[in-house]
Amino acid sequence: MIKQKKTNKKQLNIMGKYFLFLVFSFSTILIAQTPNIVPQLKKIEAAKLVEVNEELIELKNKCPGDPNVIFLEAVLTEDGEKAEKLYEAVYNNFPKSQYADAALFRSFSYFYALGLYKKAEELKNRIIKDYPRSPYLKNTERNFPHIDDMLIVSSEPYKEKPKTKRYTIQAGAFGNFQNAENLKRQFIKDGFYSSIIPKVVNTTELKIVIVGDFSNKTDAEKTLPTLENKYSIKGRIIPFE
C-alpha cells in the first residue's frame, strides 16, 4: 500500500513537470509568433517606406491578424480614416498587446486634429484608465474647448463627410517664377482669386497659375471665355484640391 502511494506521488510529480513544460513551450511559441516590428518602425523614421511596405506584405503572410502587424500597417497607411480603424482594431481586440497604448494615443491624436474633441477626450480618459503608466499619457495633456463648443460624436464608427468638389482654371504654366507672379498679380488686381502651384514635370519645376474658385464646373465654363479674351490666355478647367 505504501509502495503504491509512492508510485502515485512519483507519477503526479512527473505529470506536473510535463504540464509546466507544455505551458512554457506553448508560451514560447506564442511569443515567437509575435513579430518584432521595431526595425520596421526605425526604417519608417528613416523614410525607407518602400522597403517597409515590402516587409509588411511578408509579415502579413506569416502572421495574419497579429496586433503588431496591424499596428505597423496602420503607421504606413496614408489615409487617416483607414489608419484610425486599424489602430482601433489593435486597442479594442488586443488591449494587452505591445502597441495597444500607442494605437490608442494615435486615435486620440487623429480625432483631436479633426476638432472632434468629445471623441478625443473619451480616448484620453481611456488611456488614463487602461494604461496609467503609458509614456504617451503626458502627450494627451492638451487644451480642450468648453464642453458646449465640442463636437458630439456618437458611438458609431466615424465617417468623414464627403468633400464638395470645386473647380478652378489653369491659366498658364511658367518656367520663370516672375512671369507666373506677374499674371497672378494681374488677376488679383482685377478682383479674381489666384494662386501659384509648383509642379514638377520631367525633373523641371513649373509654376502653374490658377484663377478662380468655383463650386461647380458650369460656373467655371461660363467664366473661362471671359478670362481667355481679356488676358490672352488658353486656360483649362481643372479640379481645385
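The values are calculated or read from the model by the stated rules, or taken from the named source; none is laboratory data. Everything numeric here is computed off the predicted structure, so don't read it as measured data. Every residue, glycine as well, gets a Cβ built from its backbone with ideal geometry; the counts of neighbours run over all protein chains shown.
For residues that are free of Cβ contacts under 8 Å to residues at least 40 places away in the same chain and either among the small types (Gly, Ala, Ser) or at positive phi (or both), tally how many sit in the stretch 197-241.
Number satisfying all stated conditions: 3.
Condition check ((1) at pLDDT 90 or above; (2) within 27 Å of residue 126 (Cβ to Cβ); (3) part of a helix (DSSP H, G or I)) across all residues:
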| position | (1), (2), (3) |
| --- | --- |
| 12 | no, no, yes |
| 29 | no, no, yes |
| 43 | no, no, yes |
| 61 | yes, no, yes |
| 84 | no, yes, yes |
| 87 | yes, yes, yes |
| 91 | yes, yes, yes |
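Search the stretch 173-195 for residues being within 38 Å of the chain's Cα centre (by Cα) and among the small types (Gly, Ala, Ser), and hand back the single one that is surrounded by the fewest Cβ atoms within 10 Å (Cβ to Cβ).
Result: 175.
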